[in-house]
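**Student:** Questions regarding the structure given below will be posed in turn.
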Amino acid sequence: MMKDANQHLIILKGVKIHARHGVMPQEQTVGAYFILDVTISTDFSHAMETDELTGTINYADVYEIIKREMVIPSKLLEHAGGRIVKAIHDELPNVKGIRLRLMKENPPMGADLESAGIEIEQLYN
């Protein structure tokens with residue numbers, strides 16, 4: 001994310017969720033584990049001064065959005081990730097930017113790899 005003089009970041013790292021995303025029918029039947037990292041750029045200077053939750057973004061709210069969107073099966077991680085980014089922006093106040101990494105563990109593609117996935121970085125005015 002672009003850095004500015006007063007950048008404040010909310011970070012959820014290594015969120016592990018079982019979901020049913022994939023192009024192949026068995027992927028939507030059996031499902032797989034997905035790992036998400038989310039970084040939200042915001043301004044929480046009010047929370048730094050007051051120690052009040054109303055001056056920041058609640059981690060639990062971010063997690064609930066992720067969990068809710070991951071339950072909806074998609075063929076493509078691009079689609080699932082796009083929904084998550086849109087929902088975070090639409091539902092949470094003062095979001096200046098979002099970076100989302102969505103990785104599928106052990107994807108069924110005949111290769112020996114830990115994970116494959118996408119990363120979205122969206123900046124807002």
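**Student:** Determine the equivalent ellipsoid of the range 23-88 by diagonalising the alpha-carbon gyration tensor, then write out the semi-axes as square roots of 5 times the eigenvalues, largest first, rounded to whole Å.
**Tutor:** Each semi-axis is √(5λ); the values are 32, 10, 8 Å.
**Student:** Show me the GluC sites (Glu not before Pro) within the range 1-93 that DSSP assigns to loop and that have at most 11 other Cβ atoms within 10 Å of their Cβ.
**Tutor:** Working: sites: Glu27, Glu49, Glu52, Glu64, Glu69, Glu78, Glu91; in loops: Glu52.
Those that pass, being in a loop and sparsely packed, are Glu52.
**Student:** Give the accessible area for Asp51 in Å² (nearest 10); use a 1.4 Å probe, count only protein heavy atoms, and leave out ligands, DNA and RNA.
**Tutor:** Surface accessible to solvent at Asp51 totals approximately 140 Å².
**Student:** Among the trypsin sites (Lys or Arg not before Pro) in the range 1-63, which ones are in a DSSP loop with at most 11 other Cβ atoms within 10 Å of the Cβ? Mind listing them?
**Tutor:** Here the sparse-neighbourhood loop sites are Lys3.
**Student:** What order do Leu100, Leu76, Leu12 take when sorted by accessible area (1.4 Å probe), most exposed first?
**Tutor:** Working: Leu100 0, Leu76 90, Leu12 20 Å².
Most to least solvent-accessible, the answer reads Leu76, Leu12, Leu100.
**Student:** For the range 36-46, just list the computed ³J(HN,Hα) in residue order, Karplus coefficients 6.51, -1.76 and 1.60, θ = phi - 60°, integers in Hz, with x standing in for Gly and Pro.
**Tutor:** 10, 10, 10, 10, 10, 8, 8, 10, 10, 4, 4
**Student:** Okay, moving on. If you plug each phi of the range 72-80 into the Karplus form 6.51 cos²θ - 1.76 cosθ + 1.60 with θ = phi - 60°, what whole-Hz ³J(HN,Hα) values come out, in order, with x for Gly and Pro?
**Tutor:** My calculation for the range 72-80 gives 7, x, 10, 5, 10, 5, 4, 5, 4 Hz in order.
**Student:** Any chance you could check the Cα centroid distance between the range 1-75 and the range 92-111 for me, in angstrom?
**Tutor:** 9 Å
The values are calculated or read from the model by the stated rules, or taken from the named source; none is laboratory data. Owing to the predicted nature of the structure, the values given are computational and were not obtained by experimental measurement. A quick note on method: Cβ atoms are made from the backbone with ideal geometry, for glycine too, and the neighbour counts reach across all protein chains shown. Just the protein is used for accessible areas: all its heavy atoms, side chains included, with ligands, DNA and RNA removed. Shrake-Rupley method; radii C 1.70, N 1.55, O 1.52, S 1.80 Å.
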